[in-house]
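For reference, the structure discussed in these notes is given below.
The values are calculated or read from the model by the stated rules, or taken from the named source; none is laboratory data. In this text, all values refer to a predicted model and were calculated from it rather than measured experimentally. We place every Cβ from the backbone using ideal geometry, glycine too, and count neighbours over all the protein chains shown.
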Amino acid sequence: MAQVQTMSQPQPASYPAAHGEPSASDIRLVIAASSMGTIFEWYDFFIYGTLAAIIGKAFFPSGDATLQLLLVWAGFAVGFGFRPLGAVLFGFLGDRQGRKYTFLVTVTLMGLATAGVGLIPSAASIGFAAPVIVLLLRVMQGLALGGEYGGAAIYVAEHSPPGRRGFFTSFIQASVVGGFVLSLIVVLACKSSMSEATWNAWGWRLPFVLSLALLAVSLWMRLKLSESPVFKAMQEQGELAKNPFVETFTYPGNKKRIFVALFGVAAGLTVIWYTAMFSALSFLKGAMRVADTQAELIVGAAALVGMVLFIACGSLSDRIGRKKPIVIGYGLTLLLLFPAYWMVGAAANPALALAAQRAPVVVAGPNCSYDPFAQEQKSNCGKLIADLTGAGVSYKLQKADALAIGVGGTPISLETYPWADKKARGARLQESLAPAGYEFAKISLSLGQALEVFGALVLLMALSAATYSPVAALLSEMFPPHVRYSSMSIPYHIGTGYFGGFLPLIASFIAAKTGNPYSGLWYTWVVVAVAFVVALWGLKGGVPRDFAADAAD
């Protein structure tokens, strides 16, 4: 590949040496400031998902639990949808103006947008304006996050020698998990300090407003940093890209690298991560009916273990290369994803699993189409399916001339079913299913059950660590320094923004349409299968190398 190097292109291997090897204290400051900023910024983004249920009631009230959740996840997806645009915008600035300058801007934008969510009046007060403002703030968050990750990852990578780059940048990867953990800690701390009525009335807004304090700390730490030595050297030698966006797609070999980074790296690792954390939390709180606080504690504990695994896997990639842990992690995910979730379901609510097995619910009838996004279903069969979905009850659908529902082979009378009253329908359905063993109250897990769920979630986090940990180092090594910010940010945020950001919405939609709470996992499985093939084909094996060394081979 020596032909891709020209006299006008930068020679990245010499840059750090030209500015001196960073001292141990310099590296610690770089990692600490970059990681803490990343934690705070992802905290801002994740707090929305952590409080999805209460956000739905405040800003997206619909009278339908399934629709309300889908609208919240749609708002979640909007933020991710704008991440690629943020990657283009801030990638351009990062390659032209510098790494430090750019991630100071992104963290400020994120902090202000998050605090804004906590200050918006509810839909009950200002009507349709409330969800519109929320979505606009989510757009701001998405733009900011599109520039944050690339800046922090590159900044650490460009201060790190190749033999330690996986270890040092793994703190950035662990910081993403740290943002999720921090969001859970703040939520639990706020909830425990006030009554449930106060929390539901206005207390839930505090975690959003607290982002202003986190913003101040993050800015203070990042202002102490100096610019990346690689960027300084490019600036001194006049090697900065004139148009990083254009050069990202015209630099020799970059189109293939972007394709591999998008479909073989970003898409796969992101769906595993979100399935391990966000989907698991939603699954426990929703379909499994585990008490909210206990579900948050279990998922948070698994995430803390995951942070250690992320750092360990990042260090491992320095010894065995970046490709092996990613490909092995994808392969194991394809084998273990469904069993891990089945383990969670069986341990979290065995009575529900047993009831569904012994007394399956069967709906039969004509016109049984179901639209999860409709306020009210058109047919009575659709209304019945909506009631089951809202209650988290799995069902099987059969065609028949007349509408009927049975549980364990026993028909349920629909003669006096209150079709016109959605709330009454839900109450009647739950009353009818209760004798068959279906429980609808929130449950608390025993220690044994909690440990089983925790073990399954740690397994999922280990799969995420294998695929996610080496990524900052890998992407930094894949692309030339003068367009590195743009080249790695664009595919990363398209992959994470669209494949990952839309995962909760798509998975919830699939589960609602099929009546099977596990069916949404097929989305993750298919994306990982594609990523496995692309990574196996496109990623280079062997010991980690700088881009210059790689290009010269």
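Annotations
- Pairs where the first residue, in region 325-337, is within 19 Å of GLY541 (Cα to Cα) and the second is outside any helix (DSSP H, G or I), C-beta under 6 Å, 6+ apart: PRO325/PRO470
- Residues that are surrounded by fewer than 16 Cβ atoms within 10 Å (Cβ to Cβ) and in contact with a Pro (Cβ under 8 Å, 6 or more places away or on another chain) within region 388-401 comprise LYS396, LYS399, ALA400, ASP401, listed in sequence order.
- Flag if GLY300 is over 24 Å from ARG165 (Cβ atoms) and of a type in the set (Gly, Ala, Ser): yes
- Any hit, region 449-470, residues being more than 30 Å from GLY314 (Cβ to Cβ), in contact (Cβ under 8 Å) with a residue 60 or more places away in the chain, out of contact with any strand residue (DSSP E or B) (no Cβ under 6 Å at 6 or more places or on another chain) and not hydroxyl-bearing (Ser, Thr, Tyr): yes
- Helices (runs of 4 or more DSSP H) contained in region 255-332 and holding at least 2 residues more than 18 Å from PRO504 (Cα to Cα): 292-320
- Residues of region 360-381 that turn out to be crowded, with 19+ Cβ neighbours inside 10 Å and modelled with pLDDT under 85, as a count: 4
- Unmet criterion (only one of (1) within 24 Å of ILE506 (Cβ to Cβ); (2) in contact with a helix residue (DSSP H, G or I) (Cβ under 7 Å, 6 or more places away or on another chain); (3) in contact (Cβ under 8 Å) with a residue 12 or more places away in the chain; (4) crowded, with 17+ Cβ neighbours inside 10 Å) for ILE385: (2)
- Of residues in region 109-149 being touching a Gly at 6+ places or on another chain (Cβ under 6 Å) and closer than 14 Å to PHE90 by Cα, the one surrounded by the fewest Cβ atoms within 10 Å (Cβ to Cβ): LEU143
- Residue in region 130-147 that is of a type in the set (A, V, I, L, M, F, W, C), assigned to a helix (DSSP H, G or I), modelled with pLDDT under 80 and closer than 23 Å to LEU210 by Cβ present: yes
- Any hit, region 223-236, residues being in the same structural domain as THR496 (by TED's automatic domain parsing), buried (at least 24 other Cβ atoms within 10 Å of the Cβ) and assigned to a helix (DSSP H, G or I): yes
- Of the criteria (1) crowded, with 24+ Cβ neighbours inside 10 Å; (2) outside any helix (DSSP H, G or I); (3) aliphatic (A, V, I, L, M), which one ILE172 fails: (2)
- Test for SER160: is it touching a residue at least 40 places away in the same chain (Cβ under 8 Å), in contact with an Asp or Glu (Cβ under 9 Å, 6 or more places away or on another chain) and within 27 Å of VAL308 (Cα to Cα): no
- When the residues of region 257-275 are filtered to those that are aliphatic (A, V, I, L, M) and out of contact with any Leu (no Cβ under 8 Å at 6 or more places or on another chain), the one that is surrounded by the most Cβ atoms within 10 Å (Cβ to Cβ) is LEU269.
- Residue match in region 337-351 (condition: under 30 Å from MET478 (Cα atoms) and either assigned by TED's automatic domain parsing to the domain that holds ALA386 or among the hydrophobic types (A, V, I, L, M, F, W, C) (or both)): yes
- Single match in ALA261, ALA213 (criterion: closer than 21 Å to THR50 by Cα and at pLDDT 85 or above): ALA213
- TYR492 modelled with pLDDT under 90, assigned by TED's automatic domain parsing to the domain that holds THR248 and more than 20 Å from GLY329 (Cα to Cα): no
- From the list ALA291, ALA301, the lone residue that is more than 30 Å from LEU414 (Cα to Cα), small (Gly, Ala, Ser) and touching a Lys or Arg at 6+ places or on another chain (Cβ under 7 Å) is ALA291.
- Whichever residue in region 237-249 is within 31 Å of the chain's Cα centre (by Cα) and not aromatic (Phe, Trp, Tyr) and, among such residues, is surrounded by the most Cβ atoms within 10 Å (Cβ to Cβ): THR248
- Among (1) at pLDDT 75 or above; (2) under 30 Å from VAL483 (Cβ atoms); (3) among the small types (Gly, Ala, Ser) - the single one GLY118 does not satisfy: (2)
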